[in-house]
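Structure first, then comments.
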Number of protein chains: 2
Amino acid sequence: MAISTQIESSIANSSMIRKMFEEGDRRRQLYGEENVFDLSIGNPIFEPPAEVQKSLEKLIQSDEKGTHRYMPNSGYSKTRQYIANMLNDETGLPFGENEIIMTAGAGGALNVLFKTLLNPDDEVIVFKPYFLEYNAYVGNYGGKICAVKTKEDFQLDFEALEEKISAKTKVVLINSPNNPTGVIYSENELTQLGQLLRQKSEEYGQPISLISDEPYRRIVYEAPAPSIFPHYENAIVATSYSKDLAMPGERIGYIAISPKHQDHELLCGGAVLSLRILGFVNAPALMQRMLPLVGDACVDLEPYRINRDLLYNHLLKVGFSCVKPAGAFYFFPKSPIEDDLTFIEAAQQLNLLMVPGSGFGMPGYFRISFCFETEMIKRSLPVFTELARQYHLVD
Amino acid sequence: MAISTQIESSIANSSMIRKMFEEGDRRRQLYGEENVFDLSIGNPIFEPPAEVQKSLEKLIQSDEKGTHRYMPNSGYSKTRQYIANMLNDETGLPFGENEIIMTAGAGGALNVLFKTLLNPDDEVIVFKPYFLEYNAYVGNYGGKICAVKTKEDFQLDFEALEEKISAKTKVVLINSPNNPTGVIYSENELTQLGQLLRQKSEEYGQPISLISDEPYRRIVYEAPAPSIFPHYENAIVATSYSKDLAMPGERIGYIAISPKHQDHELLCGGAVLSLRILGFVNAPALMQRMLPLVGDACVDLEPYRINRDLLYNHLLKVGFSCVKPAGAFYFFPKSPIEDDLTFIEAAQQLNLLMVPGSGFGMPGYFRISFCFETEMIKRSLPVFTELARQYHLVD
């Protein structure tokens, strides 16, 4: 066998999702694109804000030389300083360009961080439900995922968390606004989290790094999502512009390491080295140069909010039980039956495609993505009604 | 300590190169940019061919929707089919889009391949001198590098190679045109290599994959560099457009897996999975879309050829011993003294910056990069004369 045993077994494990995709394709061919409601993936249908095209045009038409060459592995000084200034303004902490490392999206940022931080068997704590790709990201470097339950409303359960922290805990990883639940951790919760991690870092005599995976940070509907930096010293952000600039295909994001992190200098140097030796080398040059020109442009959140409200009201009306998302573009309702896979298959029969909670380490639930045209969301509502009828949630 | 012991020791090991860079910076500040001859790195000074800017402008100005969204992890079907067709034409083998996986450059391609192929302790054979970053790429997945000597002219030494192949050999990795020597392996050598690997794969009952890392494939001065595909079934190409389109900062390349590879289907699926879970997700969208528009455009090789001839004639004239590079943009001459680090330091004293052979696993040599303005190369010639005088190579 040419391939590694780990990749071979991962291929086998990913067959469920592949089967789902194939079933979706089969149905689209059979029933027509417009009759299949694919609410399964988080690939925003909307275009990037106008500033993106304008800035890219300007950069391409410029006759500046050397703009496609290598730059320092961590990225252009100008781009990193721009992000550092933004973080300074936001947090009051002395971020400089050294604390910013440009990456190929948040997926790249997380891999770079785990490569930098983890020794084999070190543990990374995540909160259920969670993006299962974290398992692979952590496993790539011999680390172990330790998944902690959350409260009924998906907020942090500090008692459950404290029980799981041990001498092996190297990282606590949060994702707020959250995929798949849409919850946002408040200032109060982050303060409490910071206190617990500070206490545990002291107790075990080594810093527990808090990583915030926050590509949805600016996709919010009620109030801004708070920054982790003011709440804990050993804090690191891994993020991307995939969602707020609606350009996930371009792979641009960054790592920001708190200037107050206990091992701050080693971490900055280590992350640049990891970026290089994992073969990323640097984040794509053109997109790096675009960022300072684009400023704080963001996709229009109004269509997302309309979709959210439409779908939320309808889900409640037909009897589903669901937390209202304060950010991101997903719902994570309870499955009307324990077996979420069977439920998702029943929805598939109605040409409604969603992801089972098992795909987020939390059976008994399911995820609906709503980053699509409102018109499509509207047309999907009767299908939710029909599904609710099948499970006797509504007459 | 927050960071992993592996990254900590890698940081310590990379201090030599960092010191060199710092010394270069110090000298530039002290003596002026124009008085320091930095022939140490392979970051081409020339601009991409005109087709690049033209194609990017066209793509940015187009009002096509959805061009920055996620696409399949392996890349746009159109781009992959374009590359597959090119490989079909070149090799006569039935490449299709499934055999092509778009990557973030060759560094990304190699990491994806090693992740896909290697079990811990599997061996990857490389040929001295070689790009030391291979050590890290292979080590990331628990593999071991096994470095085989080459002949006096840096061509393959099949006897030495055969001795090193064992049941642990999973991959043989070649780089032709070669960094740092500039040698190209001929059709005859590739045929012989294919025969040996075929025989050894049978002997050990598992396929040995031949990976060709070939970003310099089109940077050639005498004859084209032959393809590996007609010479061996279990062949894989890892390449990038960094050198021939002079855009290393944009991170665009690909993996091509021979349709004749014994584990061809598993490998294609495994590589796509590895690309995803290493956090690359996909190669940058815009650059993928550019490739079919750019066609076979290539940087002008004439300045490289002029630099090569100038420098080669001068090196011989002042008494250095050197193989004439048939491709890439490096010389790898013998150091006049055994201790290449001391020699490189002496050159530094003359404001001439180069890389010691030790940086390529081959002490007693040094690397000169010539991807710079001819004017700078010309001004560096007297410094080579002075250096030769110091070592009594010339009067």
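Does B:L315 meet the test of being touching a residue at least 40 places away in the same chain (Cβ under 8 Å), away from chain A (no Cβ under 14 Å) and part of a helix (DSSP H, G or I)?
Working: touching a residue at least 40 places away in the same chain (Cβ under 8 Å): yes; away from chain A (no Cβ under 14 Å): yes; part of a helix (DSSP H, G or I): yes.
So B:L315 passes the test.
Can you tell me which of (1) among the aliphatic types (A, V, I, L, M); (2) open to solvent by less than 30 Å² (accessible area, probe 1.4 Å); (3) more than 9 Å from every other protein chain (Cβ to nearest Cβ) is the one B:L110 doesn't meet?
(3)
To keep it simple, each residue is scored yes or no on (1) touching a Ser or Thr at 6+ places or on another chain (Cβ under 8 Å); (2) within 11 Å of A:L39 (Cβ to Cβ); (3) in contact (Cβ under 8 Å) with a residue 40 or more places away in the chain.
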residue: A:G327; (1), (2), (3): yes, no, yes
residue: A:G361; (1), (2), (3): no, no, yes
residue: A:I368; (1), (2), (3): no, yes, yes
residue: A:K378; (1), (2), (3): no, no, yes
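Is one or more of the residues making up segment A:99-107 assigned to a loop (DSSP other than H, G, I, E, B), open to solvent by 30 Å² or more (accessible area, probe 1.4 Å), in contact with a strand residue (DSSP E or B) (Cβ under 9 Å, 6 or more places away or on another chain) and within 8 Å of chain B (Cβ to nearest Cβ)? Don't jump to the end; show me each part of the working.
Residues of segment A:99-107 that are assigned to a loop (DSSP other than H, G, I, E, B), as a first pass: A:104.
Within this subset, residues satisfying the condition of being open to solvent by 30 Å² or more (accessible area, probe 1.4 Å) are none.
No, there is no match, as no residue in segment A:99-107 is assigned to a loop (DSSP other than H, G, I, E, B), open to solvent by 30 Å² or more (accessible area, probe 1.4 Å), in contact with a strand residue (DSSP E or B) (Cβ under 9 Å, 6 or more places away or on another chain) and within 8 Å of chain B (Cβ to nearest Cβ).
Restricting to segment B:366-391, give me the number of residues that are open to solvent by 30 Å² or more (accessible area, probe 1.4 Å) and among the aromatic types (F, W, Y).
Summing the residues that are open to solvent by 30 Å² or more (accessible area, probe 1.4 Å) and among the aromatic types (F, W, Y) in segment B:366-391 gives 1.
Name the residue that is most open to solvent (accessible area, probe 1.4 Å), counting only residues in segment B:320-339 that are out of contact with any Lys or Arg (no Cβ under 9 Å at 6 or more places or on another chain) and of a type in the set (D, E, K, R). Lay out the reasoning, then the answer.
Quick first cut of segment B:320-339, residues out of contact with any Lys or Arg (no Cβ under 9 Å at 6 or more places or on another chain) only: B:323, B:326, B:334-339.
From the residues that got through so far, the ones that are of a type in the set (D, E, K, R) too are B:334, B:338-339.
Numbers: B:K334: 78, B:E338: 151, B:D339: 72 Å².
Per the stated criteria, the residue is B:E338.
If a residue has to be open to solvent by 40 Å² or more (accessible area, probe 1.4 Å) and either in contact with a helix residue (DSSP H, G or I) (Cβ under 9 Å, 6 or more places away or on another chain) or within 12 Å of another protein chain (Cβ to nearest Cβ) (or both) to count, how many in segment B:293-302 make the cut?
Total meeting the criteria: 2.
Give the residues of segment A:1-57 that are within 30 Å of B:N140 (Cβ to Cβ), buried (at least 20 other Cβ atoms within 10 Å of the Cβ) and hydrophobic (A, V, I, L, M, F, W, C), sorted by residue number.
Answer for segment A:1-57, where residues must be within 30 Å of B:N140 (Cβ to Cβ), buried (at least 20 other Cβ atoms within 10 Å of the Cβ) and hydrophobic (A, V, I, L, M, F, W, C): A:A2, A:I3, A:I7.
Would you mind finding the one in A:E159, A:E163, A:E152 that is in a loop (DSSP other than H, G, I, E, B) and of a type in the set (D, E, K, R)? Before you say what the answer is, go through the steps one by one.
Numbers: A:E159 fails: in a loop (DSSP other than H, G, I, E, B); A:E163 fails: in a loop (DSSP other than H, G, I, E, B).
Just a single option satisfies the conditions, and that option is A:E152.
Hey, can you tell me all the residues within segment B:125-140 that are within 14 Å of chain A (Cβ to nearest Cβ) and either aromatic (F, W, Y) or within 20 Å of B:T181 (Cβ to Cβ) (or both)?
Applying the first criterion (within 14 Å of chain A (Cβ to nearest Cβ)) to segment B:125-140 yields B:131-140.
Answer for segment B:125-140, where residues must be within 14 Å of chain A (Cβ to nearest Cβ) and either aromatic (F, W, Y) or within 20 Å of B:T181 (Cβ to Cβ) (or both): B:F131, B:L132, B:E133, B:Y134, B:N135, B:Y137.
Go through (1) within 8 Å of another protein chain (Cβ to nearest Cβ); (2) open to solvent by 10 Å² or more (accessible area, probe 1.4 Å) one by one and return the number of the condition B:L310 breaks.
The single condition B:L310 does not satisfy is (1).
Taking the condition open to solvent by 10 Å² or more (accessible area, probe 1.4 Å), within 13 Å of chain B (Cβ to nearest Cβ) and touching a residue at least 60 places away in the same chain (Cβ under 8 Å), does A:R305 pass? Steps first, please.
Details: open to solvent by 10 Å² or more (accessible area, probe 1.4 Å): yes; within 13 Å of chain B (Cβ to nearest Cβ): no; touching a residue at least 60 places away in the same chain (Cβ under 8 Å): yes.
When the stated conditions are applied, A:R305 does not pass them.
Can you confirm whether segment B:64-73 contains a residue that is hydrophobic (A, V, I, L, M, F, W, C) and surrounded by 14 or more Cβ atoms within 10 Å (Cβ to Cβ)? Walk me through how you get there before you give the answer.
Filtering segment B:64-73 for residues hydrophobic (A, V, I, L, M, F, W, C) gives B:71.
Retained after the next criterion (residues that are surrounded by 14 or more Cβ atoms within 10 Å (Cβ to Cβ)): B:71.
Looking for residues that are hydrophobic (A, V, I, L, M, F, W, C) and surrounded by 14 or more Cβ atoms within 10 Å (Cβ to Cβ), one finds at least one in segment B:64-73, hence yes.
Can you tell which of B:P226, B:P230, B:P180 is touching a strand residue (DSSP E or B) at 6+ places or on another chain (Cβ under 9 Å) and at negative phi? Write out each step before concluding.
Values: B:P226 fails: touching a strand residue (DSSP E or B) at 6+ places or on another chain (Cβ under 9 Å); B:P230 fails: touching a strand residue (DSSP E or B) at 6+ places or on another chain (Cβ under 9 Å).
Step by step, each of B:P226, B:P230, B:P180 is checked, and only B:P180 is touching a strand residue (DSSP E or B) at 6+ places or on another chain (Cβ under 9 Å) and at negative phi.
Residue-wise test of (1) buried (at least 18 other Cβ atoms within 10 Å of the Cβ); (2) touching a residue at least 40 places away in the same chain (Cβ under 8 Å).
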{"position": "B:S176", "(1), (2)": "yes, yes"}
{"position": "B:S186", "(1), (2)": "no, yes"}
{"position": "B:L193", "(1), (2)": "yes, no"}
{"position": "B:Q199", "(1), (2)": "no, no"}
{"position": "B:E202", "(1), (2)": "no, no"}
{"position": "B:S209", "(1), (2)": "yes, yes"}
{"position": "B:D213", "(1), (2)": "yes, yes"}
{"position": "B:E222", "(1), (2)": "no, yes"}
{"position": "B:N234", "(1), (2)": "yes, no"}
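Kindly indicate the residue of segment B:8-57 that is among the small types (G, A, S) and over 24 Å from B:N351 (Cβ atoms) and also modelled with the lowest pLDDT among those meeting that condition.
Filtering segment B:8-57 for residues among the small types (G, A, S) gives B:9-10, B:12, B:14-15, B:24, B:32, B:40, B:42, B:50, B:55.
Subsequent filtering for residues that are over 24 Å from B:N351 (Cβ atoms) retains B:9-10, B:12, B:50, B:55.
On the way: B:S9: 84, B:S10: 85, B:A12: 76, B:A50: 96, B:S55: 98.
The qualifying residue modelled with the lowest pLDDT is B:A12.
Just checking: which of the helices (runs of 4 or more DSSP H) contained wholly in segment A:1-89 hold 1 or more residues that are at the interface with chain B (Cβ under 10 Å from one of its Cβ atoms) and in contact (Cβ under 8 Å) with a residue 24 or more places away in the chain?
The helices (runs of 4 or more DSSP H) meeting that bar are A:5-13, A:50-61.
For segment A:155-172, how many residues are more than 14 Å from chain B (Cβ to nearest Cβ) and either farther than 21 Å from A:P356 by Cα or buried (at least 22 other Cβ atoms within 10 Å of the Cβ) (or both)?
Going residue by residue through segment A:155-172, those that are more than 14 Å from chain B (Cβ to nearest Cβ) are A:155-166.
When the remaining residues are screened for being either farther than 21 Å from A:P356 by Cα or buried (at least 22 other Cβ atoms within 10 Å of the Cβ) (or both), the result is A:156-166.
So the count comes out to 11.
Looking at the structure I just gave you, is B:G143 open to solvent by less than 20 Å² (accessible area, probe 1.4 Å) and closer than 28 Å to B:A326 by Cβ?
On the way: open to solvent by less than 20 Å² (accessible area, probe 1.4 Å): yes; closer than 28 Å to B:A326 by Cβ: no.
Considered against the rule, which asks whether it is open to solvent by less than 20 Å² (accessible area, probe 1.4 Å) and closer than 28 Å to B:A326 by Cβ, B:G143 comes out as no.
Identify, from the list B:I83, B:I125, B:I60, the residue that is under 24 Å from B:I219 (Cα atoms), in contact with a Leu (Cβ under 8 Å, 6 or more places away or on another chain), at pLDDT 95 or above and open to solvent by less than 20 Å² (accessible area, probe 1.4 Å). Write out each step before concluding.
Numbers: B:I125 fails: under 24 Å from B:I219 (Cα atoms); B:I60 fails: under 24 Å from B:I219 (Cα atoms).
None of the other options fit; the residue is B:I83.
With the condition kept exactly as written, say whether any residue in segment B:219-235 is over 20 Å from the mean Cα position of the chain (by Cα), over 27 Å from B:E64 (Cβ atoms) and charged (D, E, K, R).
yes
If you scan segment B:242-284, which residues turn out to be small (G, A, S), open to solvent by less than 10 Å² (accessible area, probe 1.4 Å) and under 26 Å from B:P94 (Cα atoms)?
The answer is B:G253, B:A256, B:S258, B:G270, B:A271, B:S274, B:A283.
B:P382 passes all but one of (1) touching a helix residue (DSSP H, G or I) at 6+ places or on another chain (Cβ under 6 Å); (2) part of a helix (DSSP H, G or I); which number fails?
(1)
Could you tell me which residue of segment B:328-362 is nearest to B:V318 (Cα to Cα), considering only residues that are assigned to a strand (DSSP E or B) and among the aliphatic types (A, V, I, L, M)?
Taking segment B:328-362 first, the residues assigned to a strand (DSSP E or B) are B:330-331, B:334, B:352-353, B:355-356.
So of that shortlist, the ones also among the aliphatic types (A, V, I, L, M) come out as B:352-353, B:355.
On the way: B:L352: 16, B:L353: 18, B:V355: 20 Å.
My answer is B:L352.
The values are calculated or read from the model by the stated rules, or taken from the named source; none is laboratory data. No experiment lies behind these values; they were computed from the predicted model shown. Backbone-built Cβ (ideal geometry, glycine too); neighbour counts: all protein chains shown. Heavy atoms of the whole protein, side chains included, go into the accessibility calculation; ligands, DNA and RNA do not. Shrake-Rupley method; radii C 1.70, N 1.55, O 1.52, S 1.80 Å.
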